[in-house]
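Asker: My structure is below; once you've seen it, I'll send some questions.
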Amino acid sequence: MRFLFAVIALSTVISCDMIPINYPVYGNIPGSSPAPVSANEAREFSQLMEADKVNKKKVTAEVLTYLLNDTDPKDTRTAAVITNDSNCDIIVRLVGVKNDKVYNLPVLRKDKNQFVIDKGGYTLKSNICGVSYYSQKIIVEPLILKLNSN
């Protein structure tokens with residue numbers, strides 16, 4: 001009886017579809033092929049870049065403050081600096097795990113961009129030149145993320 005209970009408990013734990021926090025996953029979904037950037041995503045990227053230009057000097061100053069100073073545990077926000085070493089413009093999508101925060105962060109090809117985001121747990125997703133990027137992170141300090149299509 002104990003053996004049966006152990007097998008059931010072990011199979012329940014092993015069968016959980018869970019990706020560990022801070023473990024990135026690259027690649028294409030099995031059975032799919034790399035897709036070029038859709039017209040909708042290209043249009044969304046252009047709109048996000050236009051919105052990103054608003055108050056960019058202020059945001060850059062805030063990001064530098066977060067990067068150069070010690071992390072204040074009471075502060076609810078932090079910086080995110082994303083470097084895109086690929087040959088494609090990308091949108092990095094951060095979706096809050098336990099909150100309703102969603103960030104769609106545009107980064108030009110062979111460039112970097114910086115943002116101010118709320119601290120917390122996030123699922124990060126992006127399409128980098130047809131290759132999917134997926135990761136889960138708990139962000140409590142400035143996030144420095146470097147992405148490429150290799």
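Asker: Identify the residue in the range 113-149 that is of a type in the set (K, R) and surrounded by 15 or more Cβ atoms within 10 Å (Cβ to Cβ) and, among all such residues, is farthest from S38 (Cα to Cα).
Answerer: K119
Asker: Kindly evaluate T71 against the criterion of being among the polar types (S, T, N, Q), assigned to a helix (DSSP H, G or I), out of contact with any Leu (no Cβ under 9 Å at 6 or more places or on another chain) and surrounded by 11 or more Cβ atoms within 10 Å (Cβ to Cβ).
Answerer: It is false that T71 is among the polar types (S, T, N, Q), assigned to a helix (DSSP H, G or I), out of contact with any Leu (no Cβ under 9 Å at 6 or more places or on another chain) and surrounded by 11 or more Cβ atoms within 10 Å (Cβ to Cβ).
Asker: Any idea how many residues of the range 78-107 are surrounded by fewer than 14 Cβ atoms within 10 Å (Cβ to Cβ) and either more than 14 Å from K125 (Cα to Cα) or among the basic types (K, R) (or both)?
Answerer: Qualifying residue count, the range 78-107: 4.
Asker: Out of curiosity, is V81 over 13 Å from the mean Cα position of the chain (by Cα) and among the aliphatic types (A, V, I, L, M)?
Answerer: No: the conditions fail for V81.
Asker: So in the range 79-128, with the set limited to residues that are of a type in the set (G, A, S) and touching a Phe, Trp or Tyr at 6+ places or on another chain (Cβ under 8 Å), which one is nearest to S46 (Cα to Cα)?
Answerer: The extreme case among them is S126.
Asker: Got a number for residues in the range 118-133 being modelled with pLDDT of 95 or more and among the aliphatic types (A, V, I, L, M)?
Answerer: Of the residues in the range 118-133, 1 are modelled with pLDDT of 95 or more and among the aliphatic types (A, V, I, L, M).
The values are calculated or read from the model by the stated rules, or taken from the named source; none is laboratory data. Just so it is clear, the structure is predicted and the values come from calculations on it, not from any experiment. Every residue, glycine as well, gets a Cβ built from its backbone with ideal geometry; the counts of neighbours run over all protein chains shown.
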